Structures are given as structure tokens and as C-alpha cells.
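For reference, the structure is listed below as C-alpha cells.
Here, each number is a calculation from the coordinates, and none is a lab measurement. None of these values were measured; they are calculated from a predicted model. As a convention, Cβ positions derive from the backbone with ideal geometry for all residues, glycine included, and neighbour counts pool all protein chains shown.
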Amino acid sequence: MKKIFYTLLIALQFVISNAQETIKLDDFGRIALNTYVSNDLKIPLEAKNQLEIKLKQIASKYGMAGTAANPRFIITASVSITTKDIIAGPPQMIAQNMDITLFVGDAFENKVFANTIITSKGVGTNENKAFIDAIKQINVQSKVLKTFLEEAKTKIVSYYATQCDFIINKAEELRGQESYNEALYNLALVPDICKDCYFKCLNEMSIVYDLKINSDGKKLLDKAITTWAANPNQEGANEATEFIKQINPKAKCIPDASKLLKSINSKLIVDEKERLRKEEEYEKRQQIIDAENAKQQAILEKERINAYRQIAVEYAKNQPAVIYRNVYWRY
């Protein structure tokens, strides 16, 4: 069982990596209601915003706050004005009695699971403020709301119980198409409160996850092999190694990946030894060349000096003879 739960945790990380940044691990495995207020609802915009806030408060209060991970189930509302009175001022006030009907349902199949009507009264200096006041009066801790959400939760659990085989069959179809992320996503949406279906989905997730990491690992290994074959040097080794590092340690291709790494390492060692050998030979050749250059330089220098002297000789030959007179040294 521990293995299954660990598999679920890792599998969900694959799903989440392709989802919105706001989605978290704990968004899966629970019943969540997304708030929705229709644009067709004939109330002021500010009142719609207040109604959406109130719906979020209700869902959150009972541990069913919505998430982008599963947009299927929603909590929404409609508003009906029952009476409207003008209260003389100053300032003049508007008082409105209204029925606010709450719904929880399946947005994909357009099914209502539960509904309840809350009567509220709002007072304000205009209709917008009266609407907002009435919506704020809704008590999120009321027994009516608690009963309403418990009924909705029961219906959602019943939905998963009746749809479980379909969910698993769909996942099997998706894994047959190698759509592993989508399969994991659909299976992960089943809340843990739906015990039988939840554990069936966990078993299926384990199968899908193993297929996924093996498929991904094979693709990464193929990229590493192709990269290394095209560029069998240090640069190619670095690129190939980056692909291999992304392979899940549990993937079946890990032994082949290890062999490739050893082959790459051996080739680099041989190349390094050859490089060092060539460097040594180069140094020896360079020493010989340097010695020969030095010898040639010495010869050239001697020839240059002789050339200087030859010029001096020719110059001396053209000078008149020197006649010494009255030279006398005494010791």
C-alpha cells in the first residue's frame, strides 16, 4: 500500500507540471466546488462580485474550496427579488427582500446535485448596495447550508461510485494511446472519500505511471544515444548526460543508460590520454624545433656580424695609407 501512495505522489507531480501554477498536490483526492456566477444574472456587477466571494466562503467553510485542478463540480446561485420598498429619507433608502437559490452540480453534464433557497433582506442607498447588503447577510454557518452541502457531497460520492468503471476504462484507453499524463490526471481527481473507486484508481495509476516513466525514459535514452553518436566529444558527452539525468531511476532503461554513460566515460578517458600523449609529443617536437631555431639564429647572427665586418674591410681598403711621423715613446 505504501508503494501505491508513493506512486500517486510522484504521478501527480507529472500532472501538475503541465497544469496551472496555482494547482497544488492537495487539490487532488478531495471533493472541490468551483464558484460560478453567470453573466446572465440580472444584478449589478459589484453585487455579482460579492456573491462570488460569498460562494467561496461557503465552499471553504465546509472544506470544499474550488481548484483549477477539477472544474467539473460547481457551486452557483440565482437571485430573485420578492419585494422592493423605498424608504423615505433623508437619505432615501431602498429595501429589497430576495430569494437566493444556491446550486451544486456537474457543470459538464449540466446536472444539479443539490439546491436550497435562502431568504435575505438588504438595505442601501441604491439597488447595488441593497443587493450587496443582502448577500452579506447570508450566514455561512447556518444549518441549512450545512445540510445543503452534505447532500451535495453525498451525490458527488454517488457519482464517482457509478462512474468508476467508466473512469478506469477511459484511463486504460488513454494509456493505450500513450496519453499518460491525461490518464493520471483523470484518475487523480477521484476523491479519497470514495473508498472503493479511489483504491481502484490508485492501482490503475501505478500501472500508468510505470508505463509513463518507461516510455519517457526510452525517449530520453534515444536522444542521448543520437546526441553522443553525432558528437562523440566532451560537448556531446555533456548534452547526452543531461538527457540521461532526466530518466526516472525506476525506468527499465536505466541499465542501458548506465552502459551508455560508461561508454561515454571510457571514450573520454581514451581521448584524454591521447590528448596528453599528443601534447607530450608536441612538446618534444617543439623542443627540437626550438633548439634548431636557436642554432639557426646563432648562425644568422654570426653571418650578420661577418657582414658588418666585411663592410668595414671594404671601407678600410679604400682608405689612403697612413704615414706615421715623429712618433716616439719613451720607456
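How would you classify the range 107-155 from its alpha-carbon gyration tensor, with a ≥ b ≥ c the square roots of the eigenvalues: rounded for a/c under 1.5, else prolate if a/b is greater than b/c, otherwise oblate?
Judged from the Cα gyration tensor, the range 107-155 comes out oblate (a/c at least 1.5, b/c at or above a/b).
Rounded to the nearest 0.05, what FRET efficiency do LYS195 and LYS259 have when you use their Cβ-Cβ distance and R0 = 45 Å?
For LYS195 and LYS259, the calculated efficiency is 0.50.
What is the distance, in nm, between label points placed 7 Å from the Cα along the Cα-to-Cβ direction at LYS42 and at ALA291?
10.8 nm
Of TYR185, TYR198, how do they rank once you tally other Cβ atoms within 10 Å and put the fewest first?
TYR198, TYR185
If we count other beta carbons within 10 Å of each Cβ, what is the order of PHE131, PHE199, PHE113, fewest first?
The most exposed by this proxy come first: PHE199, PHE113, PHE131.
Compute the distance from the alpha-carbon center of the range 205-243 to that of the range 115-176, in whole Å.
About 47 Å separates the Cα centre of the range 205-243 from the one of the range 115-176.
For the pairs LYS153/LYS200; LYS42/LYS146; LYS42/LYS195; LYS267/LYS295; LYS84/LYS155; LYS170/LYS252, flag any whose C-alpha to C-alpha distance is greater than 32 Å.
From LYS153/LYS200; LYS42/LYS146; LYS42/LYS195; LYS267/LYS295; LYS84/LYS155; LYS170/LYS252, over 32 Å: LYS42/LYS195; LYS267/LYS295; LYS84/LYS155.
Arrange MET205, MET93 by Cβ neighbour counts within 10 Å, fewest through most, would you?
MET93, MET205
Let's see if you can work this out: charge +1 on each Lys and Arg Cβ, -1 on each Asp and Glu Cβ, no other charges. What is the dipole magnitude of the range 182-305 about its Cα centre, in debye to the nearest 20?
It works out to roughly 280 debye.
Report the relative contact order of the range 164-303, percent, no decimals, based on alpha-carbon pairs under 8 angstrom and at least 6 residues apart.
16 percent
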